[in-house]
Amino acid sequence: DNVLGPVMFEIGEMWHRGEISVGQEHMASYLLEGTARNMLSMLEFVDDASPVLLGCVETEEHSFPVFGLAFRLARWGYRPIMLGPRTPPSALASAIEKVKPAWIGLSMTVTPPAHQLREMVEAYVRVCHPVPVIFGGVGAQDARELIEAAGGLVAGPSAAEVRAVVDR
């Protein structure tokens with residue numbers, strides 16, 4: 001919250017302003033995600049911590065925001081299990097069977113094209129059922145109505161909004 005997130009946000013802003021190339025943005029993202037992954041691997045969890053599967057929808061390449069959620073979940077008593085970017089619904093099916101998560105969190109920072117969005121969301125909700133699936137990110141906010149109509153949940157951008165959906 002105090003270091004990695006703000007640095008990643010500024011890198012994104014620099015890319016948007018044309019101050020760095022997409023290659024530089026990808027390199028920085030790779031390094032920061034590695035740091036976050038290493039930090040997450042050092043956490044210790046209580047034996048009865050409920051597992052939560054975290055990943056990105058199959059069109060999403062930016063997995064860094066999911067690490068912020070993973071650290072929050074660890075503080076809230078969950079055991080986050082990272083699946084990474086571009087996680088297809090079929091990959092969730094086997095993970096759900098093996099892990100038996102309390103719920104699933106999927107990041108969607110960019111809204112997929114309309115012709116793909118409905119089918120994709122419905123596939124995730126169908127594969128995850130009866131396990132709740134929570135979508136987060138700017139793209140999820142844009143697709144809130146469609147996600148909720150399909151049976152998914154949408155978490156708002158603030159930690160308090162995420163916590164409210166998780167508690168529900």
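Quick notes on this one:
- Both the radius of gyration and Dmax for segment 37-90 are 11.4, 34 Å, in that order, over alpha-carbon atoms.
- With Cα atoms defining each centre, segment 107-148 and segment 19-60 are spaced 20 Å apart in the structure.
- Rounded D (µm²/s) - segment 74-131, Kirkwood Rh over Cα pairs, Stokes-Einstein at 4 °C, 1.567 mPa s: 103
- Beta bridges per DSSP, both residues in segment 23-125: antiparallel share near 0 percent.
- Cα-based Rg of segment 1-76 normalised by 2.2 N^0.38 Å, two decimals: 1.24
- Per residue, the chain exposes 56 Å² of solvent-accessible protein surface, assessed with a 1.4 angstrom probe and all protein chains in place.
- For segment 78-168, the percent of C-alpha pairs falling in each 10 Å distance bin, counted from 0 to the bin holding the largest distance, reads 16, 55, 28, 1.
- In this structure the amide hydrogen of residue 83, modeled in the peptide plane, comes within under 5 Å of the amide hydrogens of 54, 55, none closer than 5 places in sequence on its chain.
- Model label zone, residue 26; criterion: amide N under 18 Å from point 7 Å along Cα-to-beta-carbon; scope segment 50-67: 59-65
- As computed over the chain, the Cα convex hull volume per residue (Å³): 118
- Per-residue 3J(HN,Hα) values for segment 59-67, derived from phi via the Karplus relation 6.51 cos²θ - 1.76 cosθ + 1.60 with θ = phi - 60°, read 9, 9, 9, 9, 9, 4, x, 5, 5 Hz in sequence order (x marks Gly and Pro).
The values are calculated or read from the model by the stated rules, or taken from the named source; none is laboratory data. Computed from a predicted structure; not experimentally measured. Positions of Cβ are generated from backbone atoms using ideal geometry, with glycine treated the same way; all protein chains shown enter the neighbour counts. These area figures cover heavy atoms from the full protein model, side chains too; ligands, DNA and RNA do not enter into them. Shrake-Rupley method; radii C 1.70, N 1.55, O 1.52, S 1.80 Å.
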